[in-house]
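Asker: Just passing along the structure, written as structure tokens.
Readers should treat all values here as calculations from the given coordinates under stated rules, not as data from a laboratory. Everything numeric here is computed off the predicted structure, so don't read it as measured data. With ideal geometry, Cβ positions are generated from the backbone for all residues, glycine too; neighbour counts draw on all protein chains shown.
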Amino acid sequence: MIDEAQLQEFDAQQLRDVVRTLIADVSFKQTTIDKLTHEMAVLKRLKFAAQSEAYNPEQKSLLDETIDTDLAALAAEIEQASPPPSPQDKQKPKRQQLPESLPRREIHHEPHRTTCACGCQLKRIGQDVAEKLDYQPGVFTVERHIRGKWVCAKCETLIQAPVPAHVIDKGLPTAGLLAQVLVAKYADHLPLYRQEAIFGRAGLALPRSTLAQWVGQCGVQLQPLVDALRAELLKHSVLHADETPVAMLKPGNRKTHRAYLWSYCTTSYNLTRAVVFDFADSRGGQHARAFLGLPGESGWHGKLVCDDFSGYKACFEMGVTEAGCLAHARRKFHELWVNHHSTIGEQALKFFIQLYDIEREVRELGALERKRIRQEKSRPVADALQLWLTQQRLKVPEGSATIKAIDYSLNRWTALTRYIEDGDLPADNNWVENQIRPIATGRKNWLFAGSLRAGQRAAAVMSLVHSARLNGHDPYAYLRDVLERLPTQPASRVDELLPHIWQPAQAPS
């Protein structure tokens, strides 16, 4: 920011440059605000139009909460892009009165010093009280934040401890309640209308529209942390990638179409345990390239462990090295044996059993020792398997399921056996497939993602929740602590809140 003293020293050309920069900045922010405002208007029309659509009650409930959440997220983004309001423009928000029957816990905030700058002793003249709603599983409580007012009788200076920063400014919920809503929705797969009923049984029925607003606002606040997690992920030279379908509702009608949740994670050999989900409205390979920052010199150019999906192929032409999935190749022969009692399928499985026995042997070893044993033991088995497949290929009629299984392996042989030459590479893609397995449970409860924004928000929060689990953390404890610290965490130190680095805040003594 340029102060008035600096402006006095600028010449005419420098002033013109400053003005051009400010105009460009204002123009960009206004364009962003206009775009978000338009998107909000579209969502509002969709919300009211949905009243007459023939949704069943469960579908309509999910759609309503998605629209409310998107609206809250848009409002938060517009607020971030807008200039701060002047004091006279600020309006005191109307607070929900919390039931007197709820137990209360008082938290006192007093100045560190009660001596005025003039040397006089301050006198306490009153206090401000703000109530926040907290939640422990099954029990609501109220936090009473009491801020004493201290005044100097001589110079009439009023001193109060500052208002504790909160992820939702002047909001009703504590970080604990927000963490509970997010974990229940994105880890336990409970839609907000079900959480509304659960909270009602706990003594306070929180409207799902209110819960939706909290989710939307938290999604915006957590996004910088998710961006930092993605940046950390792309620092590593070996990654897994996979994708799974999720139904997404098309705006303006009752139909859904197939969207995809893409998953990227470090390997089980990596000390950094991280997974990042990326929601996209299709399975097009451009989504993988965009996540990896391709094309471009600054994009990711490591080794990608994935299946034979064609969407990744363009990445391999842009500097990414393909590492195949041995489990996918094995699965082809397992299907032959299970479905057709194929002798070729049975014999091929014996080769794969030998290769996986070696992988169990080297699992806990270092990369160099793992590579040495693989070259000593896995390479002869892999060479024998390749020779045997090539021979069987000549004996099997074209167009059969057996030919397809054999060709899958032979056509990708270099990628499938690349792990033998690199101790940091896993033999298959099972690690990332295990990370997206909980999504199948979620699909049964979500029914669909209500919008592209809703899918992206779910992907962002699930990235933090599942990365916390990978690192042995309780997702609720992790999110609660992060939401408490995030408002005052400097942007330069946001990495300290990443799941693989995070340490719980020390309780004050």
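Asker: Provide the per-residue ³J(HN,Hα) series for the stretch 202-212, in order, calculated from phi with Karplus coefficients 6.51, -1.76, 1.60 and θ = phi - 60°, each as a whole number of Hz, with x at glycine and proline positions.
Answerer: Computed from phi, the couplings for the stretch 202-212 are 7, x, 8, 7, 7, x, 5, 5, 5, 4, 5 Hz.
Asker: Viscosity 0.890 mPa s, temperature 25 °C: Stokes-Einstein D of the stretch 93-136 from its Kirkwood Cα radius, in µm² per second?
Answerer: Values: Rh = 14.0 Å.
Taking Rh from Cα pairs, D becomes 176 µm²/s.
Asker: Between Glu297 and His341, what FRET efficiency follows from the Cβ-Cβ distance if R0 is 56 Å, with the result rounded to 0.05? Provide the component values of the computation, followed by the final result.
Answerer: On the way: r = 53 Å, r/R0 = 0.94.
So, using R0 = 56 Å, E works out to roughly 0.60.
Asker: Please arrange Thr174, Thr390, Thr141 by counting, for each residue, the other beta carbons lying within 10 Å of its beta carbon, fewest first. Can you show the working numbers first?
Answerer: Numbers: Thr174 23, Thr390 12, Thr141 17.
Starting with the residue having the fewest Cβ neighbours, the order is Thr390, Thr141, Thr174.
Asker: What does the charge count near Gly345 come to, summing +1 for each Lys or Arg and -1 for each Asp or Glu among other residues with Cβ under 13 Å from its Cβ?
Answerer: Numbers: positive: Arg330, Arg331, Lys332, Lys350, Lys404; negative: Glu335, Glu346.
So the surrounding residues net to +3.
Asker: Sticking with this one: Please arrange Ser463, Ser298, Ser263 by counting, for each residue, the other beta carbons lying within 10 Å of its beta carbon, fewest first. Let's see the in-between values first.
Answerer: On the way: Ser463 26, Ser298 8, Ser263 23.
Starting with the residue having the fewest Cβ neighbours, the order is Ser298, Ser263, Ser463.
Asker: Moving on to the next point. For Ser282 paired with Glu369, estimate the spin-label separation in nm (one decimal), with each label point 7 Å from Cα along the Cα-to-Cβ line.
Answerer: Simple spin-label model gives 4.9 nm for this pair.
Asker: Can you tell me the length gained on complete extension of the stretch Lys154 to His112, counting 0.36 nm per residue apart and subtracting the Cα distance? Could you put the intermediate results ahead of the total?
Answerer: Values: separation 42, 0.36 × 42 = 15.12 nm, distance 1.99 nm.
Value of the extension gain: 13.1 nm.
Asker: Which whole-Hz couplings ³J(HN,Hα) result when phi for each residue of the stretch 293-302 is put into the Karplus expression 6.51 cos²θ - 1.76 cosθ + 1.60, θ = phi - 60°, listed in order with x for Gly and Pro?
Answerer: With coefficients 6.51, -1.76 and 1.60, one gets x, 10, x, x, 5, 7, x, 7, 9, x Hz.
Asker: Give me the compactness ratio for the stretch 106-186, meaning the Cα radius of gyration over 2.2 N^0.38 Å.
Answerer: Taking N as the residue count of the stretch 106-186, the ratio is 1.45.
Asker: Taking θ as phi - 60°, what are the ³J(HN,Hα) couplings along the stretch 319-332 by the Karplus curve (6.51, -1.76, 1.60), each to the nearest whole Hz, with x for Gly and Pro?
Answerer: Values per residue, Gly and Pro as x: x, 7, 9, 7, 10, x, 10, 5, 5, 5, 5, 4, 4, 4 Hz.
Asker: Residue separation times 0.36 nm, minus the C-alpha to C-alpha distance between Glu376 and Asp169: what's the value?
Answerer: Values: separation 207, 0.36 × 207 = 74.52 nm, distance 6.11 nm.
Taking 0.36 nm per residue and subtracting the Cα distance, the gain is 68.4 nm.
Asker: Work out how much length Glu143 to Asp308 would gain on full extension: take 0.36 nm times their residue separation and subtract the Cα-Cα distance, in nm to one decimal.
Answerer: On the way: separation 165, 0.36 × 165 = 59.40 nm, distance 5.39 nm.
Result: 54.0 nm gained on full extension.
Asker: Moving to a separate point now. Starting from the amide H of Val275, placed 1.01 Å from N in the peptide plane, find each other amide H under 5 Å away whose residue is 5 or more places distant or on another chain.
Answerer: Ser467
Asker: Additional query: For Glu496 and Glu398, what does the FRET efficiency come to when R0 = 56 Å and r is the distance between their Cβ atoms, rounded to the nearest 0.05? It would help to have the intermediate numbers written out before the result.
Answerer: On the way: r = 59 Å, r/R0 = 1.06.
Rounded to the nearest 0.05, the efficiency is 0.40.
Asker: Once label points are set 7 Å from the Cα along Cα→Cβ at both Gln14 and Glu317, what is their separation, rounded to one decimal in nm?
Answerer: 5.1
Asker: Skipping prolines and chain starts, which residues have an amide H placed within reach, meaning under 5 Å, of the one on Lys303, given they are 5 or more residues away or on another chain?
Answerer: The answer is Val238, Leu239, Thr321.
Asker: Let me ask you something else. Order by neighbour count: Trp431, Trp262, fewest other Cβ atoms within 10 Å first, most last.
Answerer: Trp431, Trp262
Asker: Separation of the stretch 142-200 and the stretch 229-271 by C-alpha centroid, Å?
Answerer: Each part's Cα centre sits 32 Å from the other's.
Asker: Per Stokes-Einstein, at 37 °C and 0.692 mPa s, what whole-number D in µm² s⁻¹ belongs to the stretch 326-421, with the Kirkwood radius over Cα pairs as the hydrodynamic radius?
Answerer: 237
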